[in-house]
1. With the requirement that a residue be within 7 Å of the ligand (Cβ to nearest atom) and touching a helix residue (DSSP H, G or I) at 6+ places or on another chain (Cβ under 6 Å), what does region 61-73 give you?
2. Could you say which residue among Ile95, Ile68, Ile35, Ile82 is surrounded by fewer than 22 Cβ atoms within 10 Å (Cβ to Cβ) and not aromatic (Phe, Trp, Tyr)?
3. Does Tyr168 fit the bill of being at positive phi and of a type in the set (Ser, Thr, Tyr)?
4. Identify all residues within region 24-60 that are at positive phi and out of contact with any helix residue (DSSP H, G or I) (no Cβ under 8 Å at 6 or more places or on another chain); write none if there are none.
5. Determine whether Arg260 is in a helix (DSSP H, G or I) and of a type in the set (Lys, Arg).
6. I need every pair where a residue in region 277-305 that is surrounded by 14 or more Cβ atoms within 10 Å (Cβ to Cβ) has its Cβ under 7 Å from the Cβ of a residue that is assigned to a loop (DSSP other than H, G, I, E, B) and among the polar types (S, T, N, Q), sequence separation at least 6 or different chains.
Amino acid sequence: MMTGISMVDLKGQYNRIKDEIDGRMQEVVGTAAFIKGPQVKLFEDHLSRYLGVNHVIGCGNGTDALQIALMALGLKPGDEVITADFTFIATVEVIALLGLKPVLVDVDPDTYTIDIEKLEKAITRRTKAIIPVHLFGQCADMEPILLLAQKHHLFVIEDSAQATGATYTFADGTVKHAGTMGHIGTTSFFPSKNLGCYGDGGALFTNDDAIADKIRMVANHGMRVRYHHEMIGVNSRLDTLQAAVLDVKLKYLDNYNRARQSAAEYYDSAFEGVPGLMIPFRADNSSHIFHQYTVVLDEDVDRSALMNYLQQKGIPSMIYYPIPLHRQEALGDARGNDVDFPVTEMLCNRVLSLPMHTELTEEQLGYISNSVVEFLANR
Ligand SMILES: *Cc1c(COP(=O)(O)O)cnc(C)c1O
C-alpha cells in the first residue's frame, strides 16, 4: 500500500514556498497591521491586474462574498434568484438568508453547470438575478447566460469559488476570467481552493464603479464615512495575514493550475477506453482548472464498494455532492420535485472525485488510476 496520498496537500505546497511565505507573514506580525494592513490593498491590486477587472474587494470568506453581492445589488425580500441545484450549499444559503427566493435549476450533463434551456424556463416577472456556479474549475456557459440576463434585465453574480484562474472564450474570441463577466464575481480563498489562503478569505470582483462602492460600504457596516451608517451592512474583511499569503500564492496560481491540469491529463489517459466511468468533459469555450477531478461512474458500478477498495489501498476519494440542494431540509419551500432535476439526481448518485492537488507525483497518479482500473476490471 502506498501511504501519504491525500485529497489536497497543503503542507507539501507550503514547503516549496516556505521562506517567501514566512517572510511576508513575519512582516505583517512585525508591523502589527492585522486589520486593513497595506498587504490587503496590494493583493487586491495584484489580483485585479491578473483577472483584468477594475475592482477586487477582499472579504471574510466566499459565503460572505455571495451575501454581500446580493445586498449590494439591493435585492428585496421575495425577489427570485436563480441558481444551480448541483453546487455547494453556500450559493443558495445566502439567497434564503436574505429572505430572497431561491429558484433551483438542473444542470447540464456534460459540464455539471446550470442548464441554459431550463434556466430560461425558470425566469419569471419576479426574477432579479442569476448566480451561475463555475463548478469544479470550469466556467458555466456565460455567453447565453449574459444574453438572457440582458433580455430580462437581470443581475448576474458569478460564483467563482472553484474557478479562480479559469477563462471563458466568447464567440467573437474575447477571453475573460471567471468572475469578471457578470455584474459581480465572487470567490473563496478557503485553503483547498485553487487560490487558497491559510484560513478563511474571500473576494468580490466588479467592473462597475458604483457597484464597487456599494460593496465596500456593505462589507464595512454600511458606512462610507466612519460612524455614518447609510444602510445595514456586515463586518467582513480579508485579514492582512491572509492577504500576505495570497499575494505570494497568486504569483504561482497559473503554475498551480497547470499542475492540476497535468494531473487531470494523466488520469484522462489512464482511464481512456476503460469501461465503467466517464472522464470529466472539457467544454470548447472554457478552460478547466480542475478544482476537482470528478468522474461519473456507470449506473451499475457500486460506488461505495469502489470507495472502500480505494480506502484500503490508502487512496481517499470524495463525493461532491451527495445530496441535491432541492432535497436539503433547510430549504423548505424552495425544494422542488425530483422529476425536475434528473441530471443532478444522476450526478449525486454517480459522481466520484479523486485526489487532485498541485503536489501529486506520477507515481501517486499511476497508483491511484491503476487501482480504479483494477476495481472496474474485476467487479
Ligand atoms: C467554497 C465555496 C463557497 C464558499 O466559500 P467559503 O469561503 O467556504 O465560505 C461558495 N460556493 C462554492 C461553489 C464553493 O465551492
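The values are calculated or read from the model by the stated rules, or taken from the named source; none is laboratory data. As the structure is a prediction and not an experimental result, all values here were calculated from the model. Using ideal geometry, Cβ is built from the backbone for each residue, glycine included, and neighbour counts are taken over all protein chains shown.
1. Of everything in region 61-73, those that are within 7 Å of the ligand (Cβ to nearest atom) and touching a helix residue (DSSP H, G or I) at 6+ places or on another chain (Cβ under 6 Å) turn out to be Thr63, Leu66.
2. Ile35
3. No; evaluated as a whole, the condition is false for this residue.
4. Ala32, Gly52
5. Spelling it out, Arg260 is indeed in a helix (DSSP H, G or I) and of a type in the set (Lys, Arg).
6. Ala283/Thr111; Ile289/Asn194; His291/Gln162; His291/Asn194
Okay, residues lined up against (1) farther than 17 Å from Asn207 by Cα; (2) of a type in the set (Phe, Trp, Tyr); (3) in contact with a Leu (Cβ under 8 Å, 6 or more places away or on another chain):
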| residue | (1), (2), (3) |
| --- | --- |
| Ile35 | yes, no, no |
| Pro38 | yes, no, no |
| Asp45 | no, no, no |
| Glu80 | yes, no, yes |
| Thr91 | yes, no, yes |
| Val94 | yes, no, yes |
| Leu97 | yes, no, no |
| Val103 | yes, no, no |
| Thr111 | yes, no, yes |
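For (1) assigned by TED's automatic domain parsing to the domain that holds Ile35; (2) under 18 Å from the mean Cα position of the chain (by Cα); (3) of a type in the set (Lys, Arg); (4) crowded, with 20+ Cβ neighbours inside 10 Å, each residue gets a yes or a no:
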site: Arg226; (1), (2), (3), (4): yes, no, yes, no
site: Ile232; (1), (2), (3), (4): yes, no, no, no
site: Ser236; (1), (2), (3), (4): yes, no, no, yes
site: Ala243; (1), (2), (3), (4): yes, no, no, yes
site: Leu246; (1), (2), (3), (4): yes, yes, no, yes
site: Arg258; (1), (2), (3), (4): no, yes, yes, no
site: Gln261; (1), (2), (3), (4): no, yes, no, no
site: Ala264; (1), (2), (3), (4): no, yes, no, yes
